[in-house]
1. Would you please list the contacts, defined by Cβ atoms under 6 Å and residues six or more apart or on different chains, that run from a residue in segment 20-47 that is more than 16 Å from GLU81 (Cβ to Cβ) to a residue that is open to solvent by 30 Å² or more (accessible area, probe 1.4 Å)?
2. What residue, among those in segment 173-202 that are free of Cβ contacts under 8 Å to residues at least 40 places away in the same chain and over 30 Å from LYS288 (Cα atoms), is farthest from the ligand (Cβ to nearest atom)?
3. For residues that are in a helix (DSSP H, G or I) and either free of Cβ contacts under 8 Å to residues at least 12 places away in the same chain or small (Gly, Ala, Ser) (or both), tally how many sit in segment 48-79.
4. Collect the residues in segment 85-97 that are polar (S, T, N, Q), open to solvent by less than 50 Å² (accessible area, probe 1.4 Å) and touching a residue at least 40 places away in the same chain (Cβ under 8 Å), keeping them in residue-number order.
5. Just checking, does segment 98-113 include any residue being more than 10 Å from the ligand (Cβ to nearest atom), surrounded by 17 or more Cβ atoms within 10 Å (Cβ to Cβ) and under 19 Å from SER162 (Cα atoms)?
6. Report the residue count in segment 63-92 for those that are touching a helix residue (DSSP H, G or I) at 6+ places or on another chain (Cβ under 6 Å) and of a type in the set (A, V, I, L, M).
7. Quick one: which helices (runs of 4 or more DSSP H) lie wholly within segment 224-293 and hold at least 3 residues that are without any contact (Cβ under 8 Å) to a residue 40 or more places away in the chain?
Amino acid sequence: MKIAILSQDPALYSTRRLREAGEAQGHDMRVINYLRCYMNITSHRPSVVCNGKPLEDFDAIIPRIGASRTFYGTAVVRQFEVMGVFPTNESQAISRSRDKLRCLQILAREGVGLPVTGFAHATQDIDGLIETVGGAPLVIKLLEGTQGIGVVLAETYQAAKSVIEAFRGLDANILVQEYIKEAQGSDLRCFVVGGKVIAAMKRQGAEGEFRSNLHRGGKATKIKLTPEERSTAIRAAKAMGLRVAGVDLLRSNHGPVVMEVNSSPGLEGIEKVTEIDVAGKIIEYIAKNATSGKTRDRIKY
Ligand code: ADP
């Protein structure tokens, strides 16, 4: 098969591993910088052009779209879909998962476990917002944050009120969330491919840190999921319409709750910790499922 990895940097661990794994399985692998491509949208033969040459005859693409490049990146993925090329994740599903609020609303609608969450922009009723999630302690998040930046634990009512007022002053969209204390600064990353959890790890935040992000000094270990955790991760990926997803869960007193569903989950941490050939499993999935024109996204919101 001829498979394109849409990535800005061939040297990134995930890009490199996908390429190696594809070649090891006998496929023709190309890394394409999607930002450098342009598209011919109007012609009878829609195309994507890179370095002056149309990208033709691809059987599948693996989108690895950077969070800050969602708009252009998903447009390129959509163009390949128009051309009948199979994407590991469809453009719609990528856009859907990039919006934290939309993601939580879809998961709630599907009955997937979530922390009690409120959403606001410029409410005057701060007391009501705090009460929605059961009072302090609570977690306040900037909607646009990544890697744990803009995620604040407010231990008291007064602290919560000050932070919400400050964010309101910044004209920001904020999520207010029940604090899952019993998770003890850890979360579970479940790597889902084609409706199965193929690898999972536990991330533990640094001493005294409630955020488990590895970028913030967290440490990861291999973990065995419970059947309930496994099925929550699978349901979350399915609800978002993602075939390849990194689902982050917290272990709460009311069962596993989803924090986030990532459409371009990194391979480095999970492969090193679990010693599972995650890249190889993604390629195997493509080899089994890539059929021209196969668009399965039927999620209507
Ligand atoms: P980001 O997308 O910026 O990583 P997250 O919403 O995933 O932000 O939060 C970062 C980390 O903070 C999570 O991985 C988790 O460890 C911790 N965290 C976030 N929300 C809660 C919560 N409601 N209760 C307990 N811990 C939380």
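1. HIS27/MET1; ASP28/LYS2; MET29/ARG19; MET29/GLU23; VAL31/PRO10; ASN33/GLN8
2. Per the stated criteria, the residue is GLN184.
3. Number of matching residues: 5.
4. THR88, ASN89, SER97, listed by residue number.
5. Scanning segment 98-113 turns up no residue that is more than 10 Å from the ligand (Cβ to nearest atom), surrounded by 17 or more Cβ atoms within 10 Å (Cβ to Cβ) and under 19 Å from SER162 (Cα atoms).
6. 3
7. On the way: elements: 227-240, 268-274, 278-289.
The qualifying helices (runs of 4 or more DSSP H) are 227-240.
Table: residues versus (1) within 23 Å of GLY150 (Cβ to Cβ); (2) open to solvent by 60 Å² or more (accessible area, probe 1.4 Å); (3) out of contact with any helix residue (DSSP H, G or I) (no Cβ under 7 Å at 6 or more places or on another chain).
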position	(1), (2), (3)
CYS190	no, no, no
SER231	no, no, yes
ARG235	no, yes, yes
ASP248	yes, no, yes
MET259	yes, no, yes
ILE270	no, no, no
ALA287	no, no, yes
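The values are calculated or read from the model by the stated rules, or taken from the named source; none is laboratory data. If you're wondering where the values come from, they're calculated on a predicted model, not measured in any experiment. Don't worry about glycine lacking a Cβ; one is built from the backbone with ideal geometry, like all the others, and counts go over all protein chains shown. All accessible areas refer to the heavy atoms of the entire protein, side chains included, with ligands and DNA or RNA removed. Shrake-Rupley method; radii C 1.70, N 1.55, O 1.52, S 1.80 Å.
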